[in-house]
Amino acid sequence: MKFFIDTANLAEIKEAHDMGILDGVTTNPSLMAKEGITGTNNILNHYVNICSIVDGPVSAEVIATDVDGIIREGEALAALHPNIVVKVPMILEGIKAIKHFSSQGIPTNCTLLFTPGQALLAAKAGATYISPFLGRLDDVSTDGLQLIEQIRTIYDNYQFETQILAASVRHPMHIIHCATIGADVMTGPLSAIKALAKHPLTDLGLQQFLADYAKGNG
Ligand code: G3P
């Protein structure tokens, strides 16, 4: 399973990259605003800066909601760097744009996806990735992981090549469950990735090993 980080924070992206396990980055307009990145030029520059840190797909989201606008914005984003993936909202105009991008060989990530039907539609349009928001479904008492399972079954039934990018991951168990189900990619905060490394028995065992070594070696 590939690990993407869901942030526009350059320091976090660099930290994840330096760990050697980062496969890509996802962003959205809220994450860009959180970093104080505003204005078209600054936003475009920020995507280029992210691409200079990570050697993998970087999702950059369009703001337009009509097909012509999505295509115009998406083509400008794709021209920024070969690793840019155009992130398109799961609306009918977005589906038309994804079909266009797919015919042009421009990679896409269909976002704000909450149902198996939406996943089917995005795959038929040729989306490279789909982003089911599992954490946000959990937030409203709906099983986000069950959605990932259903989409896995549907895509396997018909050998769709669209990759399931489990998004809105909130904690390490989400990552473990997504890997068990067979999501192709997960994206979440760096804290959830780092938490995978933690176990009290690891810490205790290491403490003991170092103490025993110190006894024998001064
Ligand atoms: O990539 C999905 C994402 O940005 C939404 O995550 O944590 O805001 O639900 P969250």
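The values are calculated or read from the model by the stated rules, or taken from the named source; none is laboratory data. The structure presented is a predicted model; accordingly, all values stated were derived computationally and were not measured. Neighbour counts run over all protein chains shown; Cβ positions are idealised from the backbone, glycine included. Heads up: the accessible areas ignore ligands, DNA and RNA and are worked out on the full protein's heavy atoms, side chains in. Shrake-Rupley method; radii C 1.70, N 1.55, O 1.52, S 1.80 Å.
List of remarks:
- Residue match in region 175-184 (condition: of a type in the set (D, E, K, R) and touching a residue at least 60 places away in the same chain (Cβ under 8 Å)): yes
- Region 137-170, residues that are within 11 Å of the ligand (Cβ to nearest atom) and within 14 Å of the chain's Cα centre (by Cα): Leu165, Ala166, Ala167, Ser168, Val169, Arg170
- The residues of region 49-65 that are under 16 Å from Lys87 (Cβ atoms) and surrounded by fewer than 18 Cβ atoms within 10 Å (Cβ to Cβ), listed by number, are Gly56, Ile63, Ala64, Thr65.
- Ala8 being out of contact with any Gly (no Cβ under 9 Å at 6 or more places or on another chain), crowded, with 21+ Cβ neighbours inside 10 Å and either of a type in the set (Ser, Thr, Tyr) or closer than 30 Å to Ile193 by Cα (or both): yes
- Test: Ser191 is of a type in the set (S, T, N, Q), in contact with a helix residue (DSSP H, G or I) (Cβ under 6 Å, 6 or more places away or on another chain) and within 16 Å of the ligand (Cβ to nearest atom): no
- Residue, most open to solvent (accessible area, probe 1.4 Å), within region 24-43, restricted to residues that are closer than 16 Å to Ala78 by Cβ and in a helix (DSSP H, G or I): Thr40
- Candidate set from region 105-126 (those that are out of contact with any helix residue (DSSP H, G or I) (no Cβ under 8 Å at 6 or more places or on another chain) and either farther than 13 Å from Val88 by Cα or open to solvent by less than 60 Å² (accessible area, probe 1.4 Å) (or both)); member that is farthest from the ligand (Cβ to nearest atom): Gly105
- Selection count where residues are over 21 Å from Leu31 (Cα atoms) and part of a loop (DSSP other than H, G, I, E, B), scope region 165-217: 7
- All positions within region 1-21 that are within 15 Å of the ligand (Cβ to nearest atom) and not in a helix (DSSP H, G or I): Lys2, Phe3, Phe4, Ile5, Asp6, Thr7, Ala8, Asn9
- Every residue from region 44-61 that is polar (S, T, N, Q) and either in contact (Cβ under 8 Å) with a residue 12 or more places away in the chain or assigned to a loop (DSSP other than H, G, I, E, B) (or both): Asn49, Ser59
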